[in-house]
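The values are calculated or read from the model by the stated rules, or taken from the named source; none is laboratory data. These figures come from a predicted structure and were not determined experimentally. Every residue, glycine among them, receives a Cβ derived from its backbone with ideal geometry; neighbour counts consider all protein chains shown.
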Amino acid sequence: MAHVLAFERPVVELVSRVRELRQLASEDPHFTVELKRLEDKAAKLAREVFDNLSPMQKVQLSRHPNRPYTLDYISRLFSDWIELGGDRRFADDASLVAGLGRYHGRSVVVIGHQKGRNTKENMRRNFGMPNPEGYRKAIRLYQMADRFRLPVITFIDTPGAFPGIEAEERGQSEAIGTSLEVMAGLGVPVVTTIIGEGGSGGALALGVANRVLVLEFSYYSVITPEGCAAILWKSADRVGEAAARLKITAPDLLELGAVDAIVEEPAGGAHQDHDEAARLLDNALFEALVSMDGLSPDELRDDRYQRFRRLGSFVA
């Protein structure tokens with residue numbers, strides 16, 4: 001597999017052998033026992049390696065180019081998917097995908113950041129960094145969901161909103177602020193999952209939810225570790241320290257109450273097995289959505305309000 005991080009190499013090699021043996025076992029049942037032994041060994045090694053990762057190594061995993069993106073999860077979790085484009089003001093933003101689908105037989109609105117797999121696709125997707133028209137497209141879909149009483153499911157995976165001058169000229173901060181306002185007032189269930197990077201207001205514009213899930217090796221932060229190190233110490237050498245101090249990894253986020261649940265990833269990370277990653281996420285996503293069945297629009301708004309009021313701490 002291309003793009004193998006140094007610390008994951010032993011796990012990747014073993015997972016590759018498991019994948020080869022799984023193919024053989026599908027053709028000859030005699031390999032089943034050996035497959036089970038190797039799968040257990042791979043899972044044990046992955047836990048030993050990945051349980052001791054530094055915060056910055058987890059950030060590297062969240063950015064892995066083979067990691068499943070929003071459209072990968074959509075193709076595996078939703079049926080009757082119809083993508084909708086444009087903000088009805090300026091243009092369509094390919095770095096943020098949105099549309100309608102069915103989830104466990106239920107019509108839903110799905111919105112998520114989308115990165116590219118190669119240079120050409122990343123240029124089209126702007127490396128997952130939306131412009132104002134991307135957030136205004138999301139706002140349009142939020143309002144549609146509210147009008148037709150459809151649950152909203154969002155996927156966060158962005159280093160942040162696009163910081164270019166043209167984005168500022170078209171009202172980047174206003175678009176993000178309006179997105180936060182509209183999400184906060186929705187009278188339908190909203191479930192957000194951080195599937196990769198969760199950077200700053202560009203992520204929060206999809207994150208004002210009743211339930212926030214985070215994949216095991218994703219992060220959620222007001223700023224990237226690189227940006228933090230540059231501002232505080234003006235040195236790239238302290239990126240690892242910045243990642244640790246920011247408390248941005250899944251266990252820290254759960255302890256701080258910034259997320260409601262951690263979704264386990266397959267052995268070696270979500271990029272090793274997209275199907276299994278989707279299956280694990282499906283379980284948590286469905287549970288979160290069902291937990292809000294029966295709540296009225298006012299109760300859903302109050303539930304969301306109380307969730308964010310509980311964030312942080314103070315001393316009287």
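Restricting to segment 79-119, and then to whatever is of a type in the set (Gly, Ala, Ser) and assigned to a strand (DSSP E or B), can you tell me which residue is farthest from ILE153 (Cα to Cα)?
Per the criteria, the residue is SER79.
Picking from GLY257, GLY268, which residue would you name as being among the small types (Gly, Ala, Ser) and loosely packed, with under 15 Cβ neighbours inside 10 Å?
On inspection, the qualifying residue turns out to be GLY257.
Of ASN126, ASN122, which residue is outside any strand (DSSP E or B), in contact with a Ser or Thr (Cβ under 9 Å, 6 or more places away or on another chain) and modelled with pLDDT under 95?
Just a single option satisfies the conditions, and that option is ASN126.
Look at ARG102 and say whether it is farther than 26 Å from GLU13 by Cα and modelled with pLDDT under 95.
Here the answer is no, as ARG102 does not meet what is asked.
If we keep just the residues of segment 280-305 that are within 13 Å of LEU215 (Cβ to Cβ) and touching a residue at least 40 places away in the same chain (Cβ under 8 Å), which is surrounded by the fewest Cβ atoms within 10 Å (Cβ to Cβ)?
ASP282
Tell me, please, whether a residue that is more than 24 Å from TYR69 (Cβ to Cβ) and of a type in the set (Val, Ile, Thr) can be found in segment 212-219.
For segment 212-219, residues more than 24 Å from TYR69 (Cβ to Cβ) and of a type in the set (Val, Ile, Thr): absent.
Can you confirm whether segment 203-225 contains a residue that is surrounded by fewer than 21 Cβ atoms within 10 Å (Cβ to Cβ) and small (Gly, Ala, Ser)?
Scanning segment 203-225 turns up no residue that is surrounded by fewer than 21 Cβ atoms within 10 Å (Cβ to Cβ) and small (Gly, Ala, Ser).
Might you check whether a residue that is buried (at least 16 other Cβ atoms within 10 Å of the Cβ), in the same structural domain as SER62 (by TED's automatic domain parsing) and in a strand (DSSP E or B) occurs anywhere in segment 173-190?
The answer is yes; a qualifying residue exists.
Which residues, taken from segment 194-215, are of a type in the set (S, T, N, Q) and either part of a helix (DSSP H, G or I) or out of contact with any helix residue (DSSP H, G or I) (no Cβ under 7 Å at 6 or more places or on another chain) (or both)?
Answer for segment 194-215, where residues must be of a type in the set (S, T, N, Q) and either part of a helix (DSSP H, G or I) or out of contact with any helix residue (DSSP H, G or I) (no Cβ under 7 Å at 6 or more places or on another chain) (or both): just SER200.
Taking interchain pairs and intrachain pairs at least six residues apart, which have beta carbon atoms under 7 angstrom, with the first residue in segment 227-241 and under 18 Å from VAL59 (Cα atoms) and the second among the hydrophobic types (A, V, I, L, M, F, W, C) and surrounded by fewer than 17 Cβ atoms within 10 Å (Cβ to Cβ)?
ALA229/ALA236
Check every one of the helices (runs of 4 or more DSSP H) wholly within segment 216-316 and list those with 3 or more residues that are within 30 Å of VAL11 (Cβ to Cβ).
Hits in segment 216-316: 225-232, 239-246, 250-256, 274-290.
If you take the residues of segment 157-181 that are in contact with a helix residue (DSSP H, G or I) (Cβ under 7 Å, 6 or more places away or on another chain) and among the hydroxyl-bearing types (Ser, Thr, Tyr), which of them is nearest to LEU215 (Cα to Cα)?
THR158
Of all residues in segment 140-152, how many are out of contact with any Leu (no Cβ under 7 Å at 6 or more places or on another chain) and not in a helix (DSSP H, G or I)?
Residues in segment 140-152 being out of contact with any Leu (no Cβ under 7 Å at 6 or more places or on another chain) and not in a helix (DSSP H, G or I): 3 in total.
State yes or no: is ALA244 touching a strand residue (DSSP E or B) at 6+ places or on another chain (Cβ under 7 Å), of a type in the set (Gly, Ala, Ser) and assigned by TED's automatic domain parsing to the domain that holds ASP72?
Considered against the rule, which asks whether it is touching a strand residue (DSSP E or B) at 6+ places or on another chain (Cβ under 7 Å), of a type in the set (Gly, Ala, Ser) and assigned by TED's automatic domain parsing to the domain that holds ASP72, ALA244 comes out as no.
Here is a check on your reading of the model: is ILE231 in the same structural domain as VAL208 (by TED's automatic domain parsing), over 20 Å from LEU5 (Cβ atoms), β-branched (Val, Ile, Thr) and touching a Pro at 6+ places or on another chain (Cβ under 9 Å)?
Spelling it out, it is not the case that ILE231 is in the same structural domain as VAL208 (by TED's automatic domain parsing), over 20 Å from LEU5 (Cβ atoms), β-branched (Val, Ile, Thr) and touching a Pro at 6+ places or on another chain (Cβ under 9 Å).
Would you check if there is a residue in segment 73-82 being surrounded by 13 or more Cβ atoms within 10 Å (Cβ to Cβ), modelled with pLDDT of 95 or more, out of contact with any strand residue (DSSP E or B) (no Cβ under 8 Å at 6 or more places or on another chain) and more than 23 Å from LEU204 (Cβ to Cβ)?
The answer is yes; a qualifying residue exists.
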